[in-house]
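Here is the structure we will look at, set down as structure tokens.
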Amino acid sequence: MKITDVEVIVVRQNEVKMIGDGSQDTAVVLVHTDEGITGIGEVDSSPEVVKAIVETPASHDQCRGLRDILVGENPLNVEYLWHKMYHYSYYYTRRSVGIHAMSGIDIALWDIAGKRMGVPVSMLIGGRFREKIPAYCSVLMPDTKEEIDALVAHHKADCNYIGYKFGWGALGESEEKDIALVEYCRQAVGDDKRLMIDIGMRWTDYKYALRVTKEYEKQRIYWLEEPFNPDRLENLGRLSESTSIAVASGEEFGTLYEFKDMLDYGKVDIVQPDMSRCGGITMAKKIADMAHLRGKKLIPHAFKTGILMGATLQLIAAIPNADMLEYCAQETVLSKNLVKHHFQLDKEGFVHIPDAPGIGVELNMDVLDQYRK
Ligand code: MG
């Protein structure tokens, strides 16, 4: 079996708003083979940059485009190909968008392996701990109490989520507003639901963060996510050691090296790699092992389309330390319709993990063609 091509399709809704909603566009990665099996992946990054990293010709032996590195290789050598991509594109893939592009390809390679062997990816990376997972509703933080009440009422009406995460949006404007918004969130979701708050890296001052976090303790926050820019690991570590609230982070990080630093210096309680940015399923499994070694949970970040949700569910099936699924509740055409049979919650609030071969998703070609750029 050989890789014949690596294709990146940029997909974007007609208007992109300057809000923290990654489901407005995406880079769909297709890895084609000489046996007619096509692997599907996705990258949550800047789609055109990802496409350039895949398509760029070789400059020299440490600076090759990812397609140039992969064509002609056996796609089933997934981990070898991860290292080959990293090694031969070393100038620009050690961190950030280079690792993002590799992540989408890695997901597609695992999808090929599962399809070729007729099993879900979870069966190739250790087997299944679970067949379903409770989902939490992930939304952007509204600006007012009325908007929070309306948003929660809308999502409570037909889904029995285990909890709600409010992130980015109106957070980070002032100390008083950060405290008030979270009080409104607790009132809206009720005492029986988990409440997660994602600051979206908006806090810059440690003492500000400490004061607001002390107020959040009164609201029984289940976790506080990404209070600081990911380069502020010292602040993250200080805050984590100063509060009884679990601190979560990881969606901006890639490779084992960065996650080791995040655990050593950021001292987080919950590790949140994004399959489409951390180095793919290959790297996420190792990060899960590293988190488990330290007694930490791993609850992946996933705020994109059904492709990423499919890959995320396969990892969640195969690790001991995941207990929730981030369910992107943004109602964009791509988040809901880029794959056929988008994942839904059952009456108890669980999402069932596919047992179809690969990552278990099928592209909706009508939507792909309508929104491709
Ligand atoms: Mg987040």
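Each reported figure results from applying straightforward, stated rules to the coordinates on display, with no laboratory input. These numbers come from a predicted model, not from an experiment. All Cβ positions, glycine included, derive from the backbone under ideal geometry; neighbour counts span all protein chains shown.
Computed quantities for the displayed model
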quantity	calculated
Mean Cβ count within 10 Å, highest first, over the residues of peptides 284-297, 201-214	284-297, 201-214
Phi to ³J(HN,Hα) by Karplus 6.51 cos²θ - 1.76 cosθ + 1.60 over segment 133-143, Hz, x for Gly, Pro	8, x, 10, 10, 7, 10, 9, 7, 6, x, 9
All lysines inside 22 Å of Lys347 as judged from Cα atoms, apart from same-chain residues fewer than 8 positions distant	Lys132, Lys156, Lys165, Lys193, Lys336
Segment 124-249 shape via C-alpha gyration tensor axes, a/c threshold 1.5	oblate
Exposure proxy ranking, count of Cβ atoms within 10 Å, fewest first, for Leu334, Leu140	Leu140, Leu334
Extension gain from Ser174 to Met18, taking 0.36 nm per residue of separation minus the Cα-Cα distance	54.2 nm
Least to most buried among Leu151, Leu109 (fewest other Cβ within 10 Å first)	Leu151, Leu109
Cβ crowding within 10 Å averaged over residues, with 42-55, 310-323 ranked highest first	310-323, 42-55
Relative frequency of Cα-Cα separations exceeding 28 Å in the chain, percent	42 percent
Residue order, fewest to most surrounding Cβ atoms within 10 angstrom, among Ser335, Ser96	Ser96, Ser335
Angle in degrees between helix 306-317 and the longest Cα principal axis of the chain, rounded to the nearest 10	80 degrees
Using a Förster distance of 45 Å, the FRET efficiency for Asp34-Asp261 (Cβ separation, nearest 0.05)	0.65
Rounded to 10°, Cα long-axis angle of helix 145-156 versus longest principal axis of the chain	50 degrees
Helix 97-117 vs. the chain, principal-axis angle (Cα, 0 to 90°, nearest 10)	70 degrees
Sequence ranges 339-349, 251-261, ranked by mean other-Cβ count within 10 angstrom, highest first	251-261, 339-349
